[in-house]
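The structure appears right after this line, and notes come after that.
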Amino acid sequence: MQPALTRLRLPGAGVLDLTRPRVMGILNVTPDSFSDGGRFDDPGRAAEHAARMVDEGAALIDVGGESTRPGATPVPLEEELRRVLPVVSRLARELPVPLSVDTSQPAVMRAAVGAGASLVNDVRALSRPGALATAVELGVPVCLMHMQGEPASMQAAPSYPGGVLAAVRAFLAARVAECRAAGLAPGQLLLDPGFGFGKTLEHNLALLDGLGALAELGPPLLVGLSRKSMLAAILGPRRATAEARLHAGVAAAVVAVRHGARVVRTHDVAATVAALALCAALEDDNAGVADDGT
């Protein structure tokens with residue numbers, strides 16, 4: 001199912017066409033992210049990796065300075081700014097694709113957009129004090145994600161008595177309504193169901209299977225399934241390393257796109273781009289059949 005919005009306007013970076021599924025490359029400039037912590041906390045290495053992901057086909061790069069893995073603790077504002085701003089500034093000069101900043105801090109949003117970012121990716125869905133007002137002021141698109149609890153404790157005992165799909169849909173619908181009431185236009189929003197953020201394996205699989213119900217909300221869906229522990233739980237202990245989850249992560253990306261996702265956030269850009277090319281070809285073929293009336 002296609003969402004109503006298929007073109008995302010990014011101030012200073014043109015228009016991102018979402019009629020075809022797109023890949024967002026993950027750039028963690030942190031010492032403690034679950035998959036690549038410490039690998040790209042130097043601006044030079046970060047820039048090299050970002051350029052490589054663009055060469056592999058990434059349509060956006062998402063820069064994050066605070067790990068939100070299960071058990072992670074908050075990062076002081078000044079430290080997050082220290083990690084993020086030099087990288088965003090450099091990439092804005094060097095890369096031909098838009099930049100996203102993965103943050104919940106209003107001050108980081110403002111500084112990163114000032115340095116060249118054109119999208120905010122917020123795991124807390126603009127719920128922190130001042131975040132929504134800052135997003136309205138900046139005028140950039142925002143991805144609103146669902147998370148039950150906080151990273152430090154979200155995986156302790158996730159529970160959805162009325163069903164995870166209904167809970168996530170209701171939360172995202174409410175956040176969309178609040179954002180629109182505050183002044184964000186429909187074309188400035190994306191939605192992320194938050195795979196692994198306060199969810200068991202069963203919850204994650206139910207969300208993946210039910211993505212179509214979330215696509216019906218209107219804004220494009222952005223999903224992040226790359227290398228997550230849900231994949232290790234499916235694969236078993238012999239394939240528990242993050243790198244060993246690549247194939248399952250690519251398969252999950254394909255399933256997500258076939259269920260309505262428009263943007264896939266991943267560590268494994270080349271493999272995901274190749275897989276989504278098949279999804280795009282199938283979508284093009286189906287559109288041709290519909291146009292022919294057969």
Identify the residues of the stretch 62-81 with backbone N under 19 Å of a label point that sits 7 angstrom from the Cα of A107 along the Cα-to-Cβ direction, or state none. 64-67, 73-81
Taking amide H positions as placed in the peptide plane 1.01 Å from N, state which residues far from L190 in sequence (5 or more) or on other chains have amide H under 5 Å from it. V142, C143, L144
Using modelled amide H (1.01 Å from N, peptide plane; none on Pro or chain starts), what sits under 5 Å from the amide H of M154, excluding residues fewer than 5 places away? G71
Solvent-accessible area of D285 with every protein chain in place, 1.4 Å probe, in Å² to the nearest 10: 90 Å²
Starting at the first residue of the stretch 277-287, write each ³J(HN,Hα) from the Karplus equation 6.51 cos²θ - 1.76 cosθ + 1.60 with θ = phi - 60°, in whole Hz, x for Gly and Pro. 4, 5, 4, 5, 5, 5, 5, 4, 5, 5, 5
Sum of -39500 (n - 2.57) over DSSP H runs of 4+, divided by residues of the chain (222 nm, nearest 500): -13500 deg cm²/dmol
With x for Gly and Pro, the residue-by-residue ³J(HN,Hα) of the stretch 80-91, computed from phi through the Karplus equation 6.51 cos²θ - 1.76 cosθ + 1.60 at θ = phi - 60° and given in whole Hz, is 4, 4, 4, 6, 7, 4, x, 6, 4, 4, 5, 5
If the elastic network links every pair of Cα atoms under 10 Å, which of A92, A166, A281 fluctuates the most in the Gaussian network model of the chain? A281
Quick query: amide H of G218 versus all other amide H atoms, modeled in the peptide plane; which residues come in under 5 Å with a sequence gap of 5 or more or a different chain? A4
Figure the gain on full extension for A287 and V15 (residue separation times 0.36 nm, minus the Cα-Cα span) and round it to one decimal in nm. 95.7 nm
Could you sort T73, T6 by accessible area so the largest value comes first, with the probe set to 1.4 Å? T73, T6
Students often get this wrong, so try it: which of (1) 60, 38, 29; (2) 57, 44, 39; (3) 94, 49, 30 is Cα extents along the principal axes in Å as calculated from the structure shown? (2)
Karplus-derived HN-Hα couplings along the stretch 6-21 (A = 6.51, B = -1.76, C = 1.60, θ = phi - 60°), whole Hz, x at Gly and Pro: 10, 9, 9, 7, 10, x, x, 10, x, 10, 9, 7, 9, 5, 10, x
Given the Cα-Cα distance of A174 and R7 and 0.36 nm per residue of separation, how much length would full extension add, in nm? 57.8 nm
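The values are calculated or read from the model by the stated rules, or taken from the named source; none is laboratory data. If you're wondering where the values come from, they're calculated on a predicted model, not measured in any experiment. Here the Cβ is made from the backbone with ideal geometry for all residues, glycine too, and neighbour counts use every protein chain on show. For accessibility, only protein heavy atoms count, side chains too; no ligands or nucleic acids. Shrake-Rupley method; radii C 1.70, N 1.55, O 1.52, S 1.80 Å.
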